[in-house]
1. Kindly establish whether V205 is at pLDDT 95 or above and either over 30 Å from C147 (Cβ atoms) or touching a helix residue (DSSP H, G or I) at 6+ places or on another chain (Cβ under 6 Å) (or both).
2. Pick out, from region 185-301, the helices (runs of 4 or more DSSP H) lying fully within it that include 2 or more residues that are without any contact (Cβ under 8 Å) to a residue 24 or more places away in the chain and surrounded by fewer than 19 Cβ atoms within 10 Å (Cβ to Cβ).
3. Tell me, which residue of region 97-111 that is among the hydrophobic types (A, V, I, L, M, F, W, C) and crowded, with 21+ Cβ neighbours inside 10 Å is modelled with the lowest pLDDT?
4. Only one residue in F101, F127, F69 is in contact with a Ser or Thr (Cβ under 7 Å, 6 or more places away or on another chain) and free of Cβ contacts under 8 Å to residues at least 60 places away in the same chain, so which one is that?
5. Would you be able to say whether some residue in region 157-169 is part of a loop (DSSP other than H, G, I, E, B) and buried (at least 21 other Cβ atoms within 10 Å of the Cβ)?
6. Is it true that A146 is at pLDDT 85 or above, more than 24 Å from G43 (Cβ to Cβ), touching a helix residue (DSSP H, G or I) at 6+ places or on another chain (Cβ under 8 Å) and not acidic (D, E)?
Amino acid sequence: MTKAIEYKEKIIQVYKSYETYFQILFKFLVAFFVFGYINDNLGYYAVLNNLGIQVLLSLISAIIPSSVFVLLAAIVSLIHLYRLSLVMMLLAFVVFVVFYFLYLKFAPTHGVLMMVIVVLMPLNLHFVVPLIAGLFFTPFTIVPVACSFIVASFVRYIVEAAPMVEDVGTDLEAIVAAYQYVIDHVLENHTMLLYAGVFAVMIVVTYVISRLPFDYSWYIAIGAGTLVGIIGMIVGAGIVDVQISVGGTFLGCVISGLFVAVVQFLRCSVDYNRKEFVQFEDDDYYYYVRAIPKMGVSLHHSEKKAAPQQPAASRSEKRVRGKGEKDFKDSLKGIFSRHMDDDDVFEEDFSRSDDIPDVTVPKEEEGDSFGDSSKESEIIIPQIKVPQRTVVPKSAVLKNGSSKPEVSKSVSPAQPKTEKKSFDFDFDDGYDDSVEDYSSDDSDF
């Protein structure tokens, strides 16, 4: 199943990359076969039978909307009928106008369905059309599908009735008789009625079942539509007394159903084993939602080769040691030391290796360590005012006339007291900075 999903993802990726060109190519092929079908069955105007004209008309149809494509095919048919009989061309014109506006009313964007039936009917694969229409579109597609059979039947009997009005001039009786012949035979064409009725039922059944909220409803709808097509054609042929090929009908329906199932798999495939039911509300409604995730495989995941695994410690983090530790220590000393020459605090704090803080680097920032000389460490230096020492100058007052100056090692009552201040840097290293005497108690002075 995973391989099938991988192939599906590749096909969808290619299709989306060239979606416009694929659509143009599809419409070109459909138009080419449609105009070929018209020229083979009518072909009264020799200029339109030329292969170059057929290719040109197909290219034009590939880049115009579907409704215009249908109109262009109708115009080509009328030109052929004009060369056959002006009287019969007028009847065909009225029929085309009625059904064209009927088609524009209900399904103006699904004209390709009418043409695909014409193309696939000689192959007995036209059962694809009602399954596609019911699965992906709306029941209104019954109108263009039915119009396709009715118009084809009209054209067939118009050609048969053309000799009846040949060289009749303005003889209304002959013209009316020819028109009556066409209409009667169309209404008595049980094959046309059978196909139109069965295809309409297939569209409705496929549409309804595919919209029901149960697992695999799309594929069950395809199977149900295919079964309706087989049973409907066989039973209907017996009812209306029409001769059909039972084997050809069965094979055509089965192949059409399989083809549509593949199209549905390419269009959307979901994992019903991971479905979820979600409930939420807003100010006006309370919602019960069934969420089913789509199946998909990342192409990069399937194509990526297994890379050699690294040790867990090097993949998850890097401990900064050696030169990095020294740089980290010197940086902190430059920030927090009372004086740049006084290392008493930090030498004591960093003398124990077990108290050295571990600095880890996340995966995405591997290489940005303190020991990396290629990048400068970005350290935010807080603005801390360090108090100055209070030192008794060497030129202090001499006692008892002695010429040797003495440095007072204690604060005398006559001298002003130096206020003791507390500085807490919140440096979590075990050193108590809460009380520190910065008075002149240094014997170096």
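The values are calculated or read from the model by the stated rules, or taken from the named source; none is laboratory data. Small disclaimer: the values here were computed from a predicted structure and weren't measured. When we count neighbours, we look across all protein chains shown, and the Cβ atoms used for this are built from the backbone with ideal geometry, even at glycine.
1. Spelling it out, V205 is indeed at pLDDT 95 or above and either over 30 Å from C147 (Cβ atoms) or touching a helix residue (DSSP H, G or I) at 6+ places or on another chain (Cβ under 6 Å) (or both).
2. Once the helices (runs of 4 or more DSSP H) in region 185-301 are filtered for at least 2 residues that are without any contact (Cβ under 8 Å) to a residue 24 or more places away in the chain and surrounded by fewer than 19 Cβ atoms within 10 Å (Cβ to Cβ), what remains is 217-240, 246-267.
3. Out of the qualifying residues, it is A107.
4. From the options F101, F127, F69, the qualifying one is F69.
5. no
6. Against the criterion (at pLDDT 85 or above, more than 24 Å from G43 (Cβ to Cβ), touching a helix residue (DSSP H, G or I) at 6+ places or on another chain (Cβ under 8 Å) and not acidic (D, E)), A146 qualifies.
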